[in-house]
1. Looking at the stretch 1-90, which chymotrypsin sites (Phe, Trp or Tyr not before Pro) are DSSP coil and have at most 13 other C-beta atoms within 10 Å of their C-beta?
2. Starting from the Cα gyration tensor of the stretch 74-223, multiply each eigenvalue by 5, take the square root, and state the resulting semi-axes largest first in whole Å.
3. For the stretch 2-218, give me the percentage of DSSP beta bridges that are antiparallel, rounded to the nearest 5 percent.
4. Just want to confirm a number: the relative contact order over the chain, from Cα pairs under 8 angstrom separated by 6+ residues, in percent.
5. As an exercise, take the mean of 1/r over every pair of distinct alpha carbons in the stretch 11-80, invert it, and state the Kirkwood radius in angstroms.
6. Any idea what Rg and Dmax come out to for the stretch 1-137 if you just take the C-alpha atoms, in Å?
7. Report the residue, chosen from PRO136, PRO157, PRO76, that carries the largest GNM mean-square fluctuation when the chain is represented by alpha-carbon nodes joined by springs under 10 Å.
8. What ranking, highest mean first, results for peptides 91-101, 137-147, 108-118 when packing means the other Cβ atoms within 10 Å averaged over each residue?
Amino acid sequence: MYTCQEFVDNSSKVASVRGYLHQTAATGADCLILTHGAGGNCDSPLLIGLANAFSSSGLTVLRCNLPFRRERPFGPPPRGSAERDQAGLRAAVESMRRHGSGQVFLGGHSYGGRQASILAADEPGLVKTLLLLSYPLHPPQRPEELRTRHLPRLQTPVLFVHGTRDNFATTSEMEAALKFIPARTELLSVPGAGHELMKKQNRDTLLQRIARAFCSFVGLPLV
């Protein structure tokens, strides 16, 4: 069993943490922080579904909004917001460490996942593992503009989840990008899925598949 409650932590001097905490009955549970893409927020169906699936598997989950979304209810992040968004994720990690004794994992969809990976590359050891959903390897139709500069510095293990019809990267492009990363990586391919990953037809099976793959990747018992 798990519960979901609104969560606010204003203790950080850099950025407050606001979102929803999905708590399990287990004490000292490991925690996964999930955040959203450039066009969404922490109430996206994908994040809610994953938070419920991971909580059912025994993890505490914080799904939270990035600083840009708290200031801008709609639209993409403004120029120059990446550094502050990374600071917001760091504050979320620190907050979860204060609220529990387990391991802390960090994940995000698209833009949120990219900021999580840059933060982890800059601060090795900040979190145990990354879960990157639909990593935006390049803008659509602009494969020459690769977002890989930080990947050779990434020392944190990463599970990537990628739809085979994602217009931000082909599967072969993702496989090539993973070779830049010195840490352990795994690519979970979702046949027929686009950048949003989840469709009506694959909702329940996809959520469980991601939760089970991540638990296996980090060595947690499969529920």
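Throughout, read-outs are computed from the coordinates displayed, never taken from laboratory work. Not measured: the values here are computed from a predicted model. Heads up, the Cβs are rebuilt from the backbone with ideal geometry, glycines too, and the neighbour counts pull from every protein chain shown.
1. PHE74
2. Calculated on Cα positions only, the semi-axes equal 22, 20, 16 Å.
3. If I count the DSSP bridges inside the stretch 2-218, around 35 percent turn out antiparallel.
4. That works out to 17 percent.
5. 13.0 Å is the Kirkwood radius here.
6. For the stretch 1-137, the Cα-based Rg and Dmax read 13.5, 41 Å.
7. PRO76
8. 108-118, 91-101, 137-147
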